[in-house]
Amino acid sequence: MYIYTIISLLFRIFVLAGLGFFLNKINLIDDKIQQGLSKLLVSVFLPANILASASNPFEAEMANELAATGIIALIYFAFSSIVSMLILRNLPCKMSRDKQNIFSALIIYGNTAFLGYPMVENLLGSQAMIVAVIYNLIWNLFFFTLGTSIMKGESSVNFLTIIKNPATISSLLTLIIYLSPIRLPNIINTVLIDVGGMVTPVSMMLIGATLSGITFRSLFRDRSSILVALIRLLVIPISGMFLLKSFKIPQLAYQTIVLMWAMPSASMVAIHASLFNKEADFATRSVSLNTALFALTFPLILLLMNL
């Protein structure tokens, strides 16, 4: 990938996040507006962005890309869930059981929807969006079952939450349309592209608005939050990158998966930590810290990937 594209993308991130930061400071984006924009992002903009990718022509070689992505995502979420909990349970530290559970969720689940989709589309093109859809379907499957179960400290599974999720519904529709000979009419696809194009600016401004409410110094007070950022932003993508290189993974699947692994912790973890009343402050600090540091670590990951 040309260096200009990367610099241009990072510049957009800084400017849009900075705009959200500024608008929050002057109260043009308050808590109520943030909640409204977040709902629109999840329920309207993101599903439209996903559905727009269904217009790509199906290519036979993409079957290998999709299958590889699905298998690797399943292995990653299953393996990381087991290993992280085993390690945390046996560490000689004073971290509470609730904090261990949230810590585990923070390092396993990246922000692969709000940040991942626009990054993949901008760096790898619309064809890679189909690959990202597969990855995020597996993400949803694990997060809303095993992930929420871990955070609650219970053995409960809520499949209804997965089915009701707009992103999951649009992802399934996208795959059905993409794998079939049917395509949406151009006029509908144009509207989907227009609406879906709001994902990047809105998600970046929301990130900036969120960061404006937290002092930078306070983010570094908890060593656990720093450790989350280190593992989430560097250890997982770099170790995963070299591990995947040892296998004959299709190129587009490899690039998309590594980009997903390079994303900061998912804001959904902080949201559910607050909902379950489980270490919500720690979750919010950790998400804010590694989201802020993402601007520094992401160019390094791109450099190592030779993008």
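The values are calculated or read from the model by the stated rules, or taken from the named source; none is laboratory data. Note that this is a predicted model, so its numbers are computed, not measured. All Cβ positions, even for glycine, are placed from backbone atoms using ideal geometry, and neighbour counts span all protein chains on display.
Applying a threshold of 6 Å to beta carbon distances and a minimum spacing of six or more residues, or different chains, the list of pairs starting in region 275-304 at a residue that is without any contact (Cβ under 8 Å) to a residue 40 or more places away in the chain and ending at one that is buried (at least 21 other Cβ atoms within 10 Å of the Cβ) and part of a helix (DSSP H, G or I) reads Ala280/Ala273.
If you check Thr168, Thr161, Thr174 for being under 24 Å from Gly196 (Cα atoms), touching a helix residue (DSSP H, G or I) at 6+ places or on another chain (Cβ under 8 Å), modelled with pLDDT under 75 and among the β-branched types (Val, Ile, Thr), only one passes: Thr161.
Looking at the structure I just gave you, is Lys39 within 18 Å of the chain's Cα centre (by Cα) and loosely packed, with under 14 Cβ neighbours inside 10 Å? Criteria met by Lys39. Checked against (1) surrounded by fewer than 17 Cβ atoms within 10 Å (Cβ to Cβ); (2) closer than 20 Å to Phe294 by Cα, Arg89 passes all but condition (2).
Results for (1) closer than 27 Å to Phe142 by Cα; (2) hydroxyl-bearing (Ser, Thr, Tyr), shown as yes or no for each residue.
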residue	(1), (2)
Ser212	no, yes
Leu219	no, no
Gln251	yes, no
Val269	yes, no
Asp281	yes, no
Val287	yes, no
Asn290	yes, no
Leu293	yes, no
Leu303	no, no
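Regarding Lys99, is this residue of a type in the set (Lys, Arg) and either in a loop (DSSP other than H, G, I, E, B) or more than 26 Å from Met198 (Cβ to Cβ) (or both)? So Lys99 fits the description; yes.
For the residues Ala48, Ala63, Ala54, the requirement of being over 19 Å from the mean Cα position of the chain (by Cα), modelled with pLDDT under 90 and farther than 20 Å from Leu244 by Cα singles out Ala54.
In region 92-109, of all residues being farther than 20 Å from Ala266 by Cα and in contact (Cβ under 8 Å) with a residue 60 or more places away in the chain, the one that is surrounded by the fewest Cβ atoms within 10 Å (Cβ to Cβ) corresponds to Ser96. Just one of the numbered conditions (1) more than 20 Å from Phe114 (Cα to Cα); (2) surrounded by fewer than 19 Cβ atoms within 10 Å (Cβ to Cβ) is not true of Leu293: (1). The residue of region 102-145 that is nearest to Ala78 (Cα to Cα), among those that are touching a helix residue (DSSP H, G or I) at 6+ places or on another chain (Cβ under 8 Å) and in a loop (DSSP other than H, G, I, E, B), is Tyr109.
Counting only helices (runs of 4 or more DSSP H) that fall entirely inside region 207-307 and contain at least 1 residues that are aliphatic (A, V, I, L, M) and in contact with a His (Cβ under 9 Å, 6 or more places away or on another chain), the qualifying elements are 280-305.
Listed by position, the helices (runs of 4 or more DSSP H) contained in region 3-61 that have at least 3 residues being touching a residue at least 60 places away in the same chain (Cβ under 8 Å) and more than 25 Å from Ser288 (Cβ to Cβ) are 46-52. Each residue in region 159-189 was checked for being surrounded by 15 or more Cβ atoms within 10 Å (Cβ to Cβ), polar (S, T, N, Q) and under 15 Å from Ser53 (Cα atoms), and 5 pass. Among the residues of region 70-81, is there at least one that is free of Cβ contacts under 8 Å to residues at least 40 places away in the same chain, more than 17 Å from the chain's Cα centre (by Cα) and either outside any helix (DSSP H, G or I) or crowded, with 24+ Cβ neighbours inside 10 Å (or both)? So far as region 70-81 goes, no, none of its residues is free of Cβ contacts under 8 Å to residues at least 40 places away in the same chain, more than 17 Å from the chain's Cα centre (by Cα) and either outside any helix (DSSP H, G or I) or crowded, with 24+ Cβ neighbours inside 10 Å (or both). Based on this model, can you work out whether Ile130 counts as over 20 Å from Leu233 (Cα atoms) and β-branched (Val, Ile, Thr)? Answer is yes for this residue.
When region 190-206 is filtered for residues that are surrounded by fewer than 17 Cβ atoms within 10 Å (Cβ to Cβ) and either in a helix (DSSP H, G or I) or among the aromatic types (Phe, Trp, Tyr) (or both), the ones remaining, listed by number, are Thr190, Val191, Ile193, Asp194, Pro201. All conditions but one from (1) more than 21 Å from Asn136 (Cα to Cα); (2) aliphatic (A, V, I, L, M); (3) surrounded by 13 or more Cβ atoms within 10 Å (Cβ to Cβ) apply to Ala48; the one that does not is (1).
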